[in-house]
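The values are calculated or read from the model by the stated rules, or taken from the named source; none is laboratory data. Worth saying up front: this structure is predicted, and the values here are computed from it rather than measured. A quick note on method: Cβ atoms are made from the backbone with ideal geometry, for glycine too, and the neighbour counts reach across all protein chains shown. Areas reflect the complete protein model, heavy atoms only, side chains present, ligands, DNA and RNA absent. Shrake-Rupley method; radii C 1.70, N 1.55, O 1.52, S 1.80 Å.
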Amino acid sequence: MTYRSHAELGGLPVDLAVVPEPEGDPFHAPWEPRAHALTIAMGATGVWNLDMLRSVRETLPDYRQRSYYEIWYGALVALLERHGLATADELTAGAAQGPARPVPRVLDAGQVWPMLRKGAPTLRPASRSARFAVGDRVRTSAVPATGHTRLPAYARGRVGIVECLRGAHVYPDAHAAGLGEAPEWLYAVVFTAAELWGEDAAAGQSVAIDLWEPYLEPA
Amino acid sequence: MELRVRALETVLTQKGYVDPAALDELIDAYQTRVGPRNGARVVARAWVDAAFKDWLRRDATAAVASLGYQGRQGEHLVAVENSPGRHNMVVCTLCSCYPWPVLGLPPVWYKSTAYRARAVRDPRGVLADFGVTLPESTEIRVWDSTAEVRYLVIPERPPGTEGLDEEALAALVTRDSMIGTGLAGTPAP
């Protein structure tokens, strides 16, 4: 099965300037904070997890034509339809036309701030010792992704050095696929610019990427 | 989009999946309770308090929580410190991961194709877009936030700020300086 993420932007040779923006309201249209809040509130129902949500976002066929919060909106609608929580007809009409399906939880106003303060830590007890140590040379997998993953395409098949261990964390590749948390060791791995972009790359530049153990082999 | 999001909100409310009062709370939280002034206070404290800076280096999540900032999208914080020979810049090439409790929600450029594509490959070019030029000898380290670790850059303390108190120092700490696309400001003459 081919899996096509449209979110693999790192290192693309784009000829676009980055346009700075003053500090202030992070939203730029009245609907944006509402789309943002709806996404968090529906996430709190527990019907899907964050990795499933990211997977739906990055596979929206028109991902690169959408604004950021249009991506959020599109992914939320896709998940609602996929889980039978709302139909396309209902969302067009702006009115419920059938009964609700039960959801595990509904967030109430009093729970909002405690929930945001608590967050959702992904650190988990490790079930075995780490395979790699600080200073180890590792090579990332060169195999194309078959599902949601957090090993960026630009860093596939590259050699880096383990800079630190970050403990065992929920493994997004499994979590997004509905296979549970399946915690794996997470490492910060440093790659030189020359390794990532070729010998012409500027000296004195490096990229550190947080990578899970299954992405790595000894080099 | 305005109408589509309104329709979505109506359906989800009618079906009882979301509580309108909870939506109002969420919107208020991200417009008024979290933002880059939180991070600026963390940086200013680090500049004046060596023990706090050391704590921040070792366990940023706990050090930042001691100032009251914690939670969603900041569960695992790491502080990376700039120095004369080393500049740090943070990106999320795969989506938009950003340390919400200390910086709030990200600006549009942080989520843009231009930034996500170029930050890892051409950080000096990105810095130029922000009007920043670093010495050739300065190493640049870009952190791609691919996991649930969130990075906060501790910019260098500007020269000539020895007499300033923490609040005045925090006013010099820009959002961009904590992402690594800017430098902390210098005090007005």
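A few remarks follow.
- Compared with the alpha-carbon gap, the fully stretched path from A:T146 to A:A95 is longer by 14.6 nm at 0.36 nm per residue.
- Amide proton proximity set for A:L16, modelled H, under 5 Å, gap of 5+: none
- Counting Cβ atoms of other protein chains within 10 Å of each residue's Cβ and taking the mean over peptide A:197-204 gives 3.
- Integer Hz, Karplus 6.51/-1.76/1.60 couplings in order for the stretch B:31-47, x for Gly and Pro: 9, 10, 9, 10, x, x, 5, 4, x, 4, 5, 5, 5, 4, 4, 5, 5
- Dimensionless Rg/Rh of the stretch B:117-189 - Kirkwood Rh, Rg from C-alpha atoms: 1.01
- With the charge dipole of the protein assembly as shown set up from +1 on Lys and Arg Cβ and -1 on Asp and Glu Cβ about the Cα centre, the Cα lying farthest toward the positive end among the listed residues B:V108, B:T32, B:W55 is that of B:W55.
- Span from the the stretch B:121-189 Cα centroid across to the the stretch B:56-80 one, whole angstrom: 18
- When the convex hull of its Cα atoms is projected in every direction, mean area for the stretch A:31-118 (nm²): 6.5
- For the stretch B:1-36 versus the stretch A:163-219, the gap between their alpha-carbon centres in whole angstrom: 35
- Each Lys or Arg adds one and each Asp or Glu subtracts one; over the other residues with Cβ under 10 Å from the Cβ of B:G68, this totals +2.
- Computed about its Cα centre, the charge dipole of the protein assembly as shown is approximately 740 debye, with only Lys, Arg, Asp and Glu carrying charge at their Cβ.
- Net charge, A:E217 excluded, C-beta distance under 11 Å - Lys, Arg +1, Asp, Glu -1: +1
- Prolate/oblate/rounded call for chain B, Cα gyration tensor, a/c under 1.5 rounded: prolate
- Residues in the stretch B:1-41 that a label on A:D108 would reach, taking backbone N under 19 Å of a point 7 Å out along Cα→Cβ: B:13-27
- Taking amide H positions as modeled 1.01 Å from N, with prolines and chain starts lacking one, the residues under 5 Å from A:L107 and 5 or more places away or on another chain are B:D19.
- Using a probe of 1.4 angstrom and keeping all protein chains present, the accessible surface of chain B works out to 37 square angstrom per residue.
- Percent breakdown of C-alpha pair distances by 20 Å bin, ordered from the shortest bin, for the protein assembly as shown: 26, 59, 15, 0
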